[in-house]
Structures are given as C-alpha cells and as structure tokens.
Amino acid sequence: MGWLGLRKCCRSTKSSSYSLRPPFLWFGKNPRRPVPPQATMWPWTPHPNLPISNRVMPPPSPFADDGLPPLVPCPPPPPFGQPIPMQPPVWSSELNPELSTPRGTHPFIDWDITQFPSSARLHESSDSQTDPTFTSPAIFPPTELITISYGDTPILSFWENRWGPIFALGQGGHPVTLEDVLNAIYRYFDQPLTTEDQAMMSNHTWGVVCDAYHRRCDRPPNLRAYNVTRGPLRVDVLNGATKFSGLEMVIHAYLRLFLSPR
C-alpha cells in the first residue's frame, strides 16, 4: 500500500472514531442548549377567572356549621346630642302621719269605724281637736290604688280570706286621699252579713255577733230604726274592736289596719 493509500485509511479511521464520540466531548466544551421560542405577549387575551383548586382543603360550603353564633344586627348609634336614658330615682314610700300615728299618740285620728268618716277628729294635742286633712294624699309617692289588710288575729284572718282585703281607690283618676281610705274602711265593714256568713259561725259565735249588733243599734238613737232593719253587719264580727288605731305600711300601696276596743 502506498503512502497515499495509508493516509486515506487513517483519515477514514479518524472520521469513524469521531463519529463514535459523544457530542458533549467535541472540542473540549459542551454545545449550546437550544433556546425555547419566546411567547408572544400581543395580542393579549384575558384569562378566565377560574377557581383555584386546593387538593389539601376543600372549598368551604356556604351551608357548613362552623359553630359560631349567628350575627345579630347592631342597633344604630344614637344621634348626636340625644340624652342617655337613666333610671328614675327610687323614692322611699311614706304614709301620711295622720294615718300612721297610733291611737293615744299625738297627732292621731279619733274615729269609730261604725260611724261615718265625717265624724273623725284629729287630736293634735290633749286639748286640741280639728278635722283631718281629708284631701291630703294617703301615701307618698301618691297612687291610685291602696290595698289594706286587717287580719292580725286568727278570727280576722279567717274573715279577710273570705271577704278579701280592703281596696281604696282614688276618685276620678286622682291619687288616693286620706278621705278615700276612711271611706273604703267604712264601706267594707258596713256590708250586711249573708246567710253563708252565718252558716260559717257556731251558735256561740253567732250569739256574740248578735250582741254586738244590738249594742251598735242602741248607740245612735236617731239611726236605730235604720240599723235594726239592716241586721248584723261585718263590723259586728269585730266584737266591739271598732276604734281606728292607725295604719302601718307593709310595702308601697299595701297597708295594715289596726283596731282597738272602744
């Protein structure tokens, strides 16, 4: 083989050896990486607003019970300058001194409840008598209704449970006055006893009531005929304890009546 043939053989061998080498070993350096094509920004197309999917937490349900209390709408704030509401002052209840003073302690009302309230006299001292102030309020603060209890003994408690308490009402929507209280007491005990009331008594008790009835009829001679025709009254079950001895306030508009023997 001549020189020319040997040279061709070597060239062919070298060419074949180069073809077997990896491309990154060519010329001792890596080839350039292919550049991706640039995205076109124009014309711009809006992307639809799709919900973002979360594989960890599912989207909350509008009907889920989160355990929180329901929202309550708050009232609107008061307008500027509106006064802040405040609790009214609490006044202590007081009874008219002419009604609260016991008998024998001045001033006190001297009155027999078998007689009309106009016969009541106010004793300001041992030698001074005058008319009570009938138009003055019975209690303070004034009220249009007063309840009066008198059952301080077992017998009186029995009759009060049967007949009910005494109610004093103001006239024409006005507060209850001292005169309204005395009139209510008088009208309450001036009611005739019914046959049912008599059936609730023993023979001895009915005899005591009849004796009180006859004594009461003998007291005012000018009204004897009228009293006799009416028969025994509620006041006769008191067995002579017909003297007004004052009132005591239990709570506001609720009073207790005290009576004493003549």
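Filter region 105-155 down to the residues that are closer than 22 Å to Tyr188 by Cβ, of a type in the set (Asp, Glu) and modelled with pLDDT of 90 or more and list them by number. Of everything in region 105-155, those that are closer than 22 Å to Tyr188 by Cβ, of a type in the set (Asp, Glu) and modelled with pLDDT of 90 or more turn out to be Asp110, Asp112, Glu144. Any residue at all in region 117-137 that is surrounded by 18 or more Cβ atoms within 10 Å (Cβ to Cβ) and within 33 Å of the chain's Cα centre (by Cα)? For region 117-137, residues surrounded by 18 or more Cβ atoms within 10 Å (Cβ to Cβ) and within 33 Å of the chain's Cα centre (by Cα): present. Of everything in region 221-262 that is assigned to a strand (DSSP E or B) and of a type in the set (Val, Ile, Thr), the residue that is farthest from the chain's Cα centre (by Cα) is Val250.
If you go through region 221-249 and keep only what is over 20 Å from Ile155 (Cβ atoms), surrounded by 17 or more Cβ atoms within 10 Å (Cβ to Cβ) and polar (S, T, N, Q), you end up with just Asn227. Among the residues of region 98-109, those identified as surrounded by fewer than 19 Cβ atoms within 10 Å (Cβ to Cβ) and touching a residue at least 24 places away in the same chain (Cβ under 8 Å) are Ser100, Pro102, Arg103. Among the residues of region 163-218, the ones that are within 20 Å of Tyr254 (Cβ to Cβ) and among the charged types (D, E, K, R) come to 3 in all.
State whether one or more residues within region 179-201 are exposed (fewer than 13 other Cβ atoms within 10 Å of the Cβ), of a type in the set (Gly, Ala, Ser) and at positive phi. Taking every residue of region 179-201 in turn, none turns out to be exposed (fewer than 13 other Cβ atoms within 10 Å of the Cβ), of a type in the set (Gly, Ala, Ser) and at positive phi.
The values are calculated or read from the model by the stated rules, or taken from the named source; none is laboratory data. Just so it is clear, the model here is predicted, and its values are computed rather than measured. All Cβ positions, glycine included, derive from the backbone under ideal geometry; neighbour counts span all protein chains shown.
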